[in-house]
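Trainee: The structure that follows is given in the form of structure tokens.
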């Protein structure tokens with residue numbers, strides 16, 4: 001009996017395979033040419049926060065496990081790393097349809113974190129690099145939990161959030177998701 005059941009199931013599966021059966025839900029197709037109709041949607045998920053009073057646009061991208069590891073283990077990867085990496089990362093960033101990003105000053109980063117609410121969807125309650133020199137051998141970082149600047153060696157690893165000036169220019173429609 002068991003052998004007959006196995007053969008029946010094998011025959012049924014073979015029938016589905018040979019008949020070209022589709023077990024996946026179908027996408028509606030244009031019957032004239034068989035082309036799938038897909039909704040018009042942008043694949044871009046770049047998020048930014050725009051401060052209207054300062055006319056600054058802030059990168060608001062999710063942090064990865066690799067970046068968290070770079071922060072904790074003192075190496076550089078993506079949006080976390082040493083000072084030279086932070087400067088280079090922002091200068092070469094192409095995000096939300098813009099390529100004129102830079103590392104923020106300590107005043108800019110402090111200002112955005114003095115808000116009564118956290119303006120960013122993606123953040124870490126940690127230190128973020130700024131472009132402001134603290135003295136001959138250190139730069140300021142801003143601790144986001146208290147919005148205070150602290151002096152750090154450029155060989156330490158910290159998080160990175162890039163910024164750009166919006167100015168009087170128009171935002172590119174559809175290229176960003178503004179919070």
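The values are calculated or read from the model by the stated rules, or taken from the named source; none is laboratory data. Every value quoted in this text rests on a predicted model; they were computed, and no experiment measured them. Heads up, the Cβs are rebuilt from the backbone with ideal geometry, glycines too, and the neighbour counts pull from every protein chain shown.
Trainee: Which residues, taken from the stretch 100-119, are out of contact with any helix residue (DSSP H, G or I) (no Cβ under 7 Å at 6 or more places or on another chain), assigned to a loop (DSSP other than H, G, I, E, B) and within 15 Å of residue 90 (Cα to Cα)?
Mentor: Once the filter is applied, which keeps residues that are out of contact with any helix residue (DSSP H, G or I) (no Cβ under 7 Å at 6 or more places or on another chain), assigned to a loop (DSSP other than H, G, I, E, B) and within 15 Å of residue 90 (Cα to Cα), the stretch 100-119 yields 100, 104, 105.
Trainee: Also, I was wondering about something else. What about residue 129, is it surrounded by 13 or more Cβ atoms within 10 Å (Cβ to Cβ) and under 13 Å from the mean Cα position of the chain (by Cα)?
Mentor: Against the criterion (surrounded by 13 or more Cβ atoms within 10 Å (Cβ to Cβ) and under 13 Å from the mean Cα position of the chain (by Cα)), residue 129 does not qualify.
Trainee: Whether any residue in the stretch 86-93 is part of a loop (DSSP other than H, G, I, E, B), in contact (Cβ under 8 Å) with a residue 24 or more places away in the chain and crowded, with 19+ Cβ neighbours inside 10 Å is what I want to check.
Mentor: yes
Trainee: Looking only at the stretch 37-75, how many residues end up being touching a helix residue (DSSP H, G or I) at 6+ places or on another chain (Cβ under 7 Å) and modelled with pLDDT of 95 or more?
Mentor: Of the residues in the stretch 37-75, 2 are touching a helix residue (DSSP H, G or I) at 6+ places or on another chain (Cβ under 7 Å) and modelled with pLDDT of 95 or more.
Trainee: Consider the stretch 120-145. How many of its residues are part of a loop (DSSP other than H, G, I, E, B) and touching a residue at least 12 places away in the same chain (Cβ under 8 Å)?
Mentor: Number of matching residues: 10.
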